[in-house]
Amino acid sequence: MPHAAGLPPELWREILADVLVPALLSARPGDDPLSTITRQLQRDLFSLLRVCRLFHDLVLPFLYTSIDLRAPLASHALPMSGIYTPPRIPLPGEKPKTMTDAFAKTLRERPGLGRWVRRLYLSNSSRADAVREVFEACGDGLEVVDMRCHVDDTDHDASDVRRALELVNPVRARIAFFPPLELVQSALNATLPHWTRLRSIYLVFHWRTLVPVLSTLPITQIRLWIPIVGVDDPGLLVQLLRNPALESLEVGISPEGAATLRAKLDGHGPELQDRVEKVLRFVGPDRLVPVWQ
């Protein structure tokens, strides 16, 4: 590009920001990973990287703004855009590697790239040590975190999870641990009060022990998934509804379970009924997952 050298880098940065930032912020990788704007953005950004050295330096932060390591998007878009090298087929006796492992390896080899990441969607059942390593590289610059983590029943894994949670301070978070061990629940209870920027959280499994903490945080949106077991006790929802900061409580539950809970909530006085009408919304469990972005 012959005119690239004619403008100062600061002006090019502003031009690129005006064009790219709105597109990055409007990207919704949870909707349809193979056809969304996110995949096209990866292509466009990778093309811009190769225009010249100046554009490479200016565009690199935008390329790493939103990282989606969930299949199938990551398996198609990320290798093409150079964000990471796909994990190799494991040797006999090795644990299979996830895309989170591969991204952690990239961040080890290229220190400094993690500071550009603002939105991070981890691959399913990411290993605790890889999550810790990625969070360590990204730090508290992360604003949106989709944390899906497989935790072995070991002190080592629990320690990695605790350390990972302490390294970030997200604005929005989706958290799912497999299996949801008591040690991890304790780590979340200890960490959530220190996530001072947190405004929206989506908890998939075993969120009940977190209710006392969530009911006191200045959080505006909570999304929960409720299995059939336990729908007869609305006490935990009542605790959350009494949080004055809460503006939206979405609960993924079967229609039968929703009817049961609504009937139980009717007997808690007019003040709570007002909160139920304004804040609480029941949705089908299958609809709760796609709406999170």
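The values are calculated or read from the model by the stated rules, or taken from the named source; none is laboratory data. Because the structure is predicted, anything quoted here is derived from the model rather than measured. All Cβ positions, even for glycine, are placed from backbone atoms using ideal geometry, and neighbour counts span all protein chains on display. Side chains included, ligands, DNA and RNA excluded: accessible areas come from the protein's heavy atoms. Shrake-Rupley method; radii C 1.70, N 1.55, O 1.52, S 1.80 Å.
I need the calculated FRET efficiency for the pair His56 and Glu109, taking r as the beta carbon distance and R₀ as 22 Å, to the nearest 0.05.
Once rounded, the FRET efficiency stands at 0.80.
Would you list, by chain and number, the lysines whose Cα falls below 18 Å from the Cα of Lys97, excluding same-chain residues fewer than 8 positions away?
Lys105
Taking a probe of 1.4 angstrom, what is the accessible area of Thr216 in Å², to the nearest 10?
Thr216 exposes around 100 Å² with every protein chain in place.
What number comes out for accessible area per residue over segment 158-280 if the probe is 1.4 Å? Units Å², please.
Numbers: 5520 Å² over 123 residues.
Each residue of segment 158-280 exposes 45 Å² on average to a 1.4 Å probe.
Hey, if we sort Lys264, Lys278 by accessible area with the 1.4 Å probe, largest down, what's the order? Show your work: numbers first, answer last.
Numbers: Lys264 95, Lys278 145 Å².
Largest accessible area first, the residues go Lys278, Lys264.
Sort 143-149, 256-262 by the packing proxy (mean of other Cβ within 10 Å over each peptide's residues), most packed first.
Details: 143-149: 21.7, 256-262: 16.0.
Top to bottom by mean Cβ count within 10 Å: 143-149, 256-262.
Quote to one decimal, in nm, the extra length available between Val171 and Arg197 on full extension: 0.36 nm per residue of separation minus the C-alpha distance between them.
Numbers: separation 26, 0.36 × 26 = 9.36 nm, distance 0.50 nm.
Extending this stretch completely gives an extra 8.9 nm.
How far, in nm, would the chain grow between Val213 and Trp116 when pulled straight, counting 0.36 nm per residue and subtracting the alpha carbon separation? Walk me through the numbers on the way to the answer.
Numbers: separation 97, 0.36 × 97 = 34.92 nm, distance 3.03 nm.
That works out to 31.9 nm of additional length.
Starting from the amide H of Leu142, placed 1.01 Å from N in the peptide plane, find each other amide H under 5 Å away whose residue is 5 or more places distant or on another chain.
Close amide H contacts, sequence-distant or interchain: Asn169.
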